[in-house]
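Only the coordinates and a few stated rules stand behind these numbers; no lab work does. Computed from a predicted structure; not experimentally measured. Positions of Cβ are backbone-derived with ideal geometry, glycine not excepted, and every protein chain shown enters the neighbour counts.
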Amino acid sequence: MTKSKDYQKRFYRESAKDSDLIGQEVIVKETDLFISAEKNIKAAAEEIVKKYRAQIEDYIRKRPEFMTSLEPISQDSAAADIIKEMIRATALAGVGPMASVAGAVGEFIGNELLAYSRQIIIENGGDIFIRSDKIRTIAIYAGDSLLSNKIFIKIKPEDTPMGICTSSGTVGHSLSFGKADACVIIAKSAALADAVATAACNRIKDRKDIAPGLEFALSIKGIKGAAAILGKDFGSIGDIELA
């Protein structure tokens, strides 16, 4: 039986309680973030979340295909920056704009919150934006795979801020055409990492697809590293350090 997205969230939030940072949940409508920072910044975070939610909701009303398209859409020079970044990232990955929404929201909120805290870690449905002053390790959650929570990615402070985003064909309710238990992408842009995680996961339906799926991910400009788990099989590529 596949674990739910709520289980993923609870697992991450229990395992990500760093002693040097203060964890705080920020929930606005469907947006449910876990933010770790050097102090309590919940009130500021809620206002920033509302701003970006409004920008995305307003744009969907003006251009419904932004929400429904499973393919890239044309760029819009008049759109808000978060919209333009989602369109740009998903065009590179070859997927629809909403494939990047969790990463983009985490990234844009995280960058604004750096005015309140030097270190910020935002988890948004398993997708992570991080700016850290010390080495952090992140476990790869892969549902019922025997490798779930057994493989860790080391994040060095000099590489941050960055995004670490995961897509799965077996865990949660997000649309996926693949079968990977976890496909993890690392990039400076969390929006791009999210979009490419979806695109790479879509390509992995069998163990023989792991290598070409990861090679596809790394071929996209801006991708730093990638990893995938399918059952008992694991692969990684690029500049990704396992702990």
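Checking Cβ-Cβ separations below 4.7 Å across the chain identifies Cys165 as cysteines lacking any candidate disulfide partner. Among 114-121, 178-185, sorting by the average number of other beta carbon atoms lying within 10 angstrom of each residue, highest first, gives 178-185, 114-121. Exposed loop sites are taken as GluC sites (Glu not before Pro) in a DSSP loop (any state but H, G, I, E or B) with at most 15 other beta carbon atoms within 10 Å; the longest stretch of the chain without one runs 39-243. Taking 17 Å as the straight-line reach from the Cα of Lys224, the aspartates and glutamates in range (excluding those fewer than 8 positions away in the same chain) are Glu107, Asp127, Glu158, Asp159, Asp194, Glu215, Asp239, Glu241.
Evaluate the charge dipole of the chain about its Cα centre and quote only its size in Debye, nearest 20, assuming +1 on the Cβ of each Lys and Arg and -1 on the Cβ of each Asp and Glu.
220
Checking the cross-link pairs Lys29/Lys154; Lys134/Lys188; Lys156/Lys221; Lys29/Lys134; Lys50/Lys84 against a 23 Å limit on the alpha carbon distance flags Lys29/Lys154; Lys29/Lys134 as lying beyond it. With contacts taken as Cα pairs under 8 Å at a separation of at least 6 residues, the chain carries a relative contact order of 17 percent. Which one of Leu192, Leu113, Leu214 has the biggest mean-square fluctuation once the chain is modelled by GNM with Cα springs under 10 Å? Taking springs between Cα atoms under 10 Å, the residue moving most is Leu113.
Structural size metrics of the chain, computed from C-alpha coordinates, are Rg and Dmax of 16.6, 47 Å.
Given the options Thr90, Thr166, Thr137, state which has the largest fluctuation in a GNM of the chain using a 10 Å cut-off (strictly under) for Cα springs. Highest fluctuation of the listed residues: Thr137.
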